[in-house]
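Following this message is one structure expressed as structure tokens.
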Amino acid sequence: MSSEQEVLSGPPAPELLDDRIWVDGCWDFFHHGHAGAMLQARQLGTELYVGVHSDEAILENKGPTVMNLRERLSAVDACRWVTRSVAYAPYVTQLDFISHFGCKYVVHGDDITSDSSGEDCYRFVKAAGRFKVVKRTPSISTTDLVGRMLLCTRTHFIKSLEKMLAGEEGSGTEAERKAEGAAMLKRINQYATDESGKSPGADVFFWSASKAAKTDATEEKGSFRPLLKGQSPKPGQRVVYVDGGFDLFSSGHIEFLRQVVLTEEKLAKKEGWYDQQAVDERRGKGADYGPVFVVAGVHDDEVINSWKGVNYPIMNIYERGLCVLQCRYVNAVIFGAPFSPTKSYLTSSPWGTPDAVYHGPTAFMPLSYDPYTAPKELGIFQEISSHEFQDVNAGTIVQRIMKSRDLYEERQRKKGMKAVGEAAHREREILEEEQRRKEEKIAAEASS
């Protein structure tokens, strides 16, 4: 039995449902453009089924994937607007396949997707009148991100997201900056919605302070300013804090966040959160909900680059923030969070001092000091143990790209992108080597 046949081995849906929407794709190193397609599709119905192509099908029709199937499924399952993921979806969408899951309509962006023969991947569903089109998210694609890695550019960095949203920063005329800022703010609003894609979901804040407070462990209260009001913590929920760069938001970040929620759910179970009486009480006041409210702090581009060098982060703070916002394991986002959550920062949080501060098994950032001294002193530090995706981060993803540079450059050429010369590739190698030596020196000084 093939993998596709195995997926279809279960009982078929009894009927086609107008509100059960189907989308499919590669979803290779997940970015906010993918999430935008899912959001728009979800808004057209009440359920969203997402087909994920196999590594083999993508290689045959498009070229090599950066992330394997398990990693790509992890990203799809984490999107708050997804009802269910379906692995081994055919590259050319088949009517019998989507009908098996009760999906009447297929949704795709307004760009053309072709198979290895150059034919439209959606020709069958279009002919059957079961195809709907949504707008493709501008200014982002997997191809764009691969180009940033291969060309080692930094033009995507944002100095101040708050000023950019206000039209005070960026390129172009004042009117163009204002228009771009308004479009970005609108997208943040959209990505901060709940699982329906239509109602307010996540709280969003800015935090500003001095460069020293953001980059080092300098005690400074700083300033929290609300951007969007979502669904604040509900009675009984524990507020927990996580932070990171979340660059090239991938299975490593996602599994960490999932484990944070699972850890809190286990703790809540011991304390009776899931006892029938407690459930009935919450339902009696409106609806049931989970025991944890996760606040994610996202670091500025400048902060990440000061630690990682080269042209990290590959995604700017706006792009990374959208990725975090769309994740079902996150309830609030703080743009511009400090690299080290100090006591002043934690105790002045809009939600009060968190009940816990979680950190995962990451080795991506070269540390010359312990950035979690304050939460440890406050007795609220928790560490997530190792997991299967712990080594997946921006650095390892870039390594995968560089290792198979010729294959990815061919894929870029097919997309109409300018070829990257040997000099550009060598420049990245030199910068990565310089950064590696710098990190080894930092590690040696820290251990001495």
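The values are calculated or read from the model by the stated rules, or taken from the named source; none is laboratory data. Treat the numbers as computed from the prediction; the structure is a model and nothing was measured. Every residue, glycine as well, gets a Cβ built from its backbone with ideal geometry; the counts of neighbours run over all protein chains shown. Accessible surface is based on the protein model in full, side chains and every heavy atom, while ligands, DNA and RNA are left aside. Shrake-Rupley method; radii C 1.70, N 1.55, O 1.52, S 1.80 Å.
What accessible area per residue, rounded to a whole number of Å², is obtained for the chain using a probe radius of 1.4 Å?
45 Å²
Could you please state how large a percent of the accessible area of segment 1-118 is carbon and sulfur, counting protein chains only and using a 1.4 Å probe?
Carbon and sulfur together cover 47 percent of it.
Moving on. Specify which residue in the list S251, T218, G272 is farthest towards the positive end of the charge dipole of segment 213-280, using unit charges on the beta carbon of Lys, Arg (+1) and Asp, Glu (-1), about the Cα centre.
G272
Kirkwood hydrodynamic radius, segment 194-321, all distinct C-alpha pairs: what's the number in Å?
17.1 Å
List, in the order given, every pair from K163/K229; K229/K343; K186/K211; K186/K234; K163/K211; K234/K270 whose Cα-Cα distance in the structure shown is over 22 Å.
K229/K343; K186/K211; K186/K234
For Cα pairs less than 8 Å apart in space and 6+ apart in sequence, what is the mean separation divided by the residue count of segment 19-162, i.e. the relative contact order in percent?
The normalised contact order for segment 19-162 reaches 28 percent.
Quick check: the distance between the Cα centres of segment 158-217 and segment 316-340, to the nearest angstrom?
The two parts, judged by their Cα centres, are 11 Å apart.
Output the Cα-based Rg and Dmax of segment 313-378 in Å, rounding Rg to one decimal and Dmax to a whole number.
Values for segment 313-378 (Cα only, Rg and Dmax): 13.2, 34 Å.
Go through T137, T396, T83 and list them by solvent-accessible area, largest first, probe radius 1.4 Å. Provide the component values of the computation, followed by the final result.
Numbers: T137 10, T396 35, T83 70 Å².
Of T137, T396, T83, the descending order of accessible area is T83, T396, T137.
Ignoring ligands, DNA and RNA, what percent of the accessible area of segment 125-284 is carbon or sulfur (1.4 Å)?
52 percent
Going by a ≥ b ≥ c, the root eigenvalues of the Cα gyration tensor, does the chain fall in the rounded group (a/c under 1.5), the prolate group (a/b larger than b/c) or the oblate group?
oblate
Can you tell which of F381, Y241, I334 lies farthest toward the positive end of the dipole of the chain, using +1 and -1 charges on the Cβ of basic and acidic side chains (Lys, Arg; Asp, Glu)?
Going by the Cα projections, it comes out as I334.
Which values of log₁₀ I(q)/I(0), to two decimal places, follow from the Debye formula for segment 7-148 at q = 0.22 Å⁻¹ with a uniform point scatterer at every Cα?
-1.68
With the Cα gyration tensor of segment 17-75 in hand, give its eigenvalues times 5 under a square root as the equivalent ellipsoid semi-axes, listed largest first in whole angstrom.
On the way: eigenvalues 105, 29, 17 Å².
The equivalent ellipsoid of segment 17-75 has semi-axes of 23, 12, 9 Å.
Continuing with the same structure: Would you grab the residues whose amide H sits under 5 Å from the one on G201? Only those 5+ places off in sequence or on another chain, please, with H modelled 1.01 Å from N.
T193, D194, Q231
Given charges of +1 on the Cβ of Lys and Arg and -1 on the Cβ of Asp and Glu, with all other atoms neutral, how large is the dipole of segment 14-147 about its Cα centre, in debye to the nearest 20?
Numbers: 14 positive and 18 negative charges, 83 e Å.
For this selection, approximately 400 debye.
Leaving out ligands, DNA and RNA but keeping every protein chain, what accessible area does K178 have, in Å² rounded to the nearest 10, with a 1.4 Å probe?
So the heavy atoms of K178 present about 100 Å² to solvent.
At a 1.4 Å probe radius, carbon and sulfur cover how many percent of the accessible area of segment 301-341?
About 41 percent, which is the carbon plus sulfur part of the accessible surface.
Right, here's the next one. Using the alpha-carbon centroid of each, what span in Å lies between segment 32-75 and segment 369-388?
Using only Cα atoms, the two centres lie 33 Å from each other.
Can you work out the base-10 log of I(q)/I(0) for segment 132-269 at q = 0.13, 0.16, 0.18 1/Å, using the Debye formula on its C-alpha atoms alone?
Treating every Cα as an identical point scatterer, log10 I(q)/I(0) equals -0.87, -1.33, -1.58.
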